[in-house]
Every structure is written in C-alpha cells, then in structure tokens.
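Heads up, the thing below is written out as structure tokens.
The values are calculated or read from the model by the stated rules, or taken from the named source; none is laboratory data. Computed from a prediction, not measured in an experiment: that's the story for all the values here. Note that we place each Cβ from the backbone using ideal geometry, even for glycine, and neighbour counts take in every protein chain shown.
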Amino acid sequence: MKSRREFLKMATAGAAVAPFRSIANVDGTTMKPVVLSTWNFGMNANREAWKILSAGGRALDAVEAGARFTEADPSVQTVGYGGFPDRDGRVTLDSCIMDEHGNCGSVAFLEHIKHPVSVARMVMEKTPHVMLAGEGALQFALANGFKKENLLIEASEKAWKEWLKTAQYKPVVNIENHDTIGIIALDGNGNLSGACTTSGLAFKMRGRIGDSPIIGAGLYVDNDVGAATATGVGEEVIRIVGCHLVVELMRQGHSPEDACRLAVNRIVAKSPGKARDVQVGFIALNKQGNYGAYCLQPGFTYAVRTPDTEQLVNSASHFS
Ligand code: SD4
C-alpha cells in the first residue's frame, strides 16, 4: 500500500482540480491541522486560516480569519462586501460560527456591516443569545465598534438593475462558481470549529434568510465527532437540518464523504422534483482529519489545506 505522502504526491501532480476522493488519513492516524472551505475562493480563505493553524493557533480564529478574507473581497459577489442585493437592492448578510465547546453565534438579515462573521462571534462571546437578526443585529454591531458601510458595489447594483428588467426569480446552479463560504478546521490541538457567511441568494425576497446563519443547517460542529458546512439553495438544506445530519452520520461511523452523500440523498428523497434544478453541496471533516464532500449537481469545488497538500477538489455529485 502506498504511504499517505506518496498518495498525496500522486493526487496533487498535474491537475489543478483533483479528483473527488478524500485523500487524508489513509494510514489511520490523525492528520492535523486541516482546513476545508467551499468553492474556488476557498483557496484564499484557507491561506488566511493556515497562517493561524500553522502557528499552532485555534481553529476558531482560523475559520474567522478565512471567512473575513472572503467577506472583504468585492470580486466575490455572493459573500459580504460586494454581494448581490435582494430584490429591493439591499445587501443583507447571514453568518454563523461555532467553536470546539459547542458555543455558537449567528447573525441574519444584517445590513451595512462588512464582517458579519465577526459580529456572529461577538454574539457568541458577549451575549447570552445565539442569534441576532436585522435591525437588532445592526445595533449590536454598531455598539460593538463595527462601522456602518455601503456594501453595494457598482457591479452588483448593475446586475440587480439588469435583473429588474424581467424580475424573474430563479436560483442559478453554481453561479459563476461563487457562492457561500463555509469553512471548517481541525487545529493542532485536535479541536474543531467552523464558520459560514453569505449574502444569500441573489435577488431574494426582502427578509429572506437562508441556511447559512442557522446552526445545524448551514453549519454544525461537534468536537467529539466532526464538522460540516453547506452551500447552495438554503431552503433545501434547512428542510433536512443538513449539517447536523452530516455530523450525526459521522457519529454513526460514516466517513465524511459518505455522510455528505447520505445527506444529499435525503434531499433528493424529500424533494425529488426540486433536486434536479438546484445545487446543494456539503463539506465535512472528522476528528481524525479525514474529509470529504458531496453535492447534487456537478461543478461544486472545495479547497483543502493540510500539512501535505493545498488543492482544489472536485466534489462527487448525485447527478451527472
Ligand atoms: C443561502 N446557502 O442563502 C446560501 C447561499 C448559497 O449557493 O450558498 N448559495 O441559501
């Protein structure tokens, strides 16, 4: 049998996007640190997270740093600053974070704040609550030193005005491969954390909240077992409480990829009509540093960084 290092060398040679199989931990030992992020832009997020993980830092700090990088990048029009607005032309953000102790914080329908993930962390650390929404979340952020900003950039406003011409609402599968960032990590001390942040579906109804700020749906972490995060049409993820399901399946002994596959199968079973037309992807990481993903439609990628590899991986999909 090939050693893990040899295996990784083979897997990373040549192609920029690797085949979907999980390549961690074939020799049964724990591999750490590990960080996993959704989509192509996850590569940059992982790079930020890695600065913290490789210095022996905490997974919680790493996932927040990774998510913040994407939130601040205006070229990512589905997360944070630069995100596509709702149908009224307002950028509204959803985000959550969860640590190794089961603490969690979340903000939903938050406007004008560039880093909702950090507000979510503050909700977790400074309040007796888990979730703040809308005006209250904004007030909390402003009271805690966050700056009120205009998040609608010219390109996103232009796209919205174009959309208004027909105003036909239909979530697009794999919008330019840019979607929610979900990031999960295992640090050098063997602790897991995760974060998820998004501007939600482009041109959504005003007030719509997706899966991303909902603990158990868009993100779940159990430090005894593993972590999972989701991307895609949040309504389908919420219906099956997707990430909690993935973590519970790992608890039952399923590999990360298998757990993600079974959760995707659940969506297909519950919404056979819709599943054909929408994208949902899960990524998962277990306590041993094994990782995997699964999605509905081809085209979902995720970024992985470990001591041995830094690569973009094509997720396996239900439909071909
Ligand atoms: C949502 N899950 O708001 C998010 C958006 C997303 O691919 O991930 N789109 O439903």
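Take the conditions modelled with pLDDT under 95 and not hydrophobic (A, V, I, L, M, F, W, C) and apply them to Pro19. Does it pass? Please lay out each step first, then the result.
Details: modelled with pLDDT under 95: yes; not hydrophobic (A, V, I, L, M, F, W, C): yes.
Yes.
Is there a residue being of a type in the set (A, V, I, L, M) and either within 13 Å of the ligand (Cβ to nearest atom) or closer than 23 Å to Ser315 by Cα (or both) anywhere in the stretch 147-156?
Start the filter on the stretch 147-156 by keeping residues that are of a type in the set (A, V, I, L, M), which leaves 151-153, 155.
Filter once more, so that each one left must be either within 13 Å of the ligand (Cβ to nearest atom) or closer than 23 Å to Ser315 by Cα (or both): none.
Checked the stretch 147-156: no residue is of a type in the set (A, V, I, L, M) and either within 13 Å of the ligand (Cβ to nearest atom) or closer than 23 Å to Ser315 by Cα (or both).
Which residue pairs have Cβ atoms closer than 7 Å, lie 6 or more positions apart in sequence or on different chains, and pair a first residue in the stretch 64-77 that is touching a residue at least 12 places away in the same chain (Cβ under 8 Å) with a second residue that is in a loop (DSSP other than H, G, I, E, B) and hydroxyl-bearing (Ser, Thr, Tyr)?
Between residues of the stretch 64-77 that are touching a residue at least 12 places away in the same chain (Cβ under 8 Å) and residues that are in a loop (DSSP other than H, G, I, E, B) and hydroxyl-bearing (Ser, Thr, Tyr), the close pairs are Glu71/Tyr81; Ala72/Tyr81; Pro74/Tyr81.
Of everything in the stretch 198-210, what is out of contact with any strand residue (DSSP E or B) (no Cβ under 6 Å at 6 or more places or on another chain) and within 13 Å of the ligand (Cβ to nearest atom)? Give them in sequence order.
Correct list: Leu201, Ala202, Phe203, Lys204, Met205, Gly207, Arg208.
For the stretch 193-215, does any single residue satisfy the condition of being farther than 30 Å from Gly89 by Cα and buried (at least 18 other Cβ atoms within 10 Å of the Cβ)? If you could, list the steps in order and put the result at the bottom.
Going residue by residue through the stretch 193-215, those that are farther than 30 Å from Gly89 by Cα are 193.
Filter once more, keeping what is buried (at least 18 other Cβ atoms within 10 Å of the Cβ): 193.
Yes, the stretch 193-215 has at least one match.
Could you pull out every one of the helices (runs of 4 or more DSSP H) wholly within the stretch 35-149 that has 2 or more residues that are among the acidic types (Asp, Glu)?
Answer list for the stretch 35-149: 59-71.
Restricting attention to the stretch 42-74, report how many residues are modelled with pLDDT under 95 and under 16 Å from the mean Cα position of the chain (by Cα). Steps first, answer last, please.
Kept after step one, since they are modelled with pLDDT under 95, are these residues of the stretch 42-74: 70-74.
Narrowing further to those that are under 16 Å from the mean Cα position of the chain (by Cα): 70-73.
The qualifying residues number 4.
Identify, by number, the condition in (1) under 27 Å from Lys32 (Cα atoms); (2) within 13 Å of the ligand (Cβ to nearest atom) that Gly188 doesn't meet.
Answer for Gly188: the failing condition is (2).
Test each condition in (1) within 12 Å of the ligand (Cβ to nearest atom); (2) at pLDDT below 95; (3) out of contact with any strand residue (DSSP E or B) (no Cβ under 8 Å at 6 or more places or on another chain) for Lys165 and report the one that comes out false.
The single condition Lys165 does not satisfy is (1).
Of everything in the stretch 216-236, what is more than 8 Å from the ligand (Cβ to nearest atom), within 20 Å of Asn290 (Cα to Cα) and surrounded by 22 or more Cβ atoms within 10 Å (Cβ to Cβ)? Give them in sequence order.
Leu219, Tyr220, Val221, Gly226, Ala227, Ala228, Thr229 - these are the residues of the stretch 216-236 that are more than 8 Å from the ligand (Cβ to nearest atom), within 20 Å of Asn290 (Cα to Cα) and surrounded by 22 or more Cβ atoms within 10 Å (Cβ to Cβ).
Looking only at strands (runs of 3 or more DSSP E) that fall completely inside the stretch 216-305, which ones have 3 or more residues that are free of Cβ contacts under 8 Å to residues at least 24 places away in the same chain?
In the stretch 216-305, there are no strands (runs of 3 or more DSSP E) which contain 3 or more residues that are free of Cβ contacts under 8 Å to residues at least 24 places away in the same chain.
What do you reckon, is Ala159 in a strand (DSSP E or B), hydrophobic (A, V, I, L, M, F, W, C) and either on the phi < 0 side of the Ramachandran plot or within 16 Å of the ligand (Cβ to nearest atom) (or both)?
no
Tell me, please, whether a residue that is crowded, with 22+ Cβ neighbours inside 10 Å, of a type in the set (D, E, K, R) and at pLDDT 95 or above can be found in the stretch 75-95.
yes
I need a count of the residues in the stretch 271-287 that are surrounded by fewer than 24 Cβ atoms within 10 Å (Cβ to Cβ) and modelled with pLDDT of 95 or more. I'd like the intermediate steps shown before the answer.
Just the residues of the stretch 271-287 that are surrounded by fewer than 24 Cβ atoms within 10 Å (Cβ to Cβ), to begin with: 271-279, 287.
Next, from what is left, pick out any that are modelled with pLDDT of 95 or more: 287.
The total comes to 1.
Ile209 versus (1) over 18 Å from Ala293 (Cα atoms); (2) under 14 Å from the mean Cα position of the chain (by Cα); (3) not acidic (Asp, Glu): which is the lone unmet condition?
Ile209 satisfies all of (1) over 18 Å from Ala293 (Cα atoms); (2) under 14 Å from the mean Cα position of the chain (by Cα); (3) not acidic (Asp, Glu) except (2).
Check whether at least one residue in the stretch 246-257 is surrounded by 23 or more Cβ atoms within 10 Å (Cβ to Cβ) and of a type in the set (D, E, K, R), and report yes or no.
Scanning the stretch 246-257 turns up no residue that is surrounded by 23 or more Cβ atoms within 10 Å (Cβ to Cβ) and of a type in the set (D, E, K, R).
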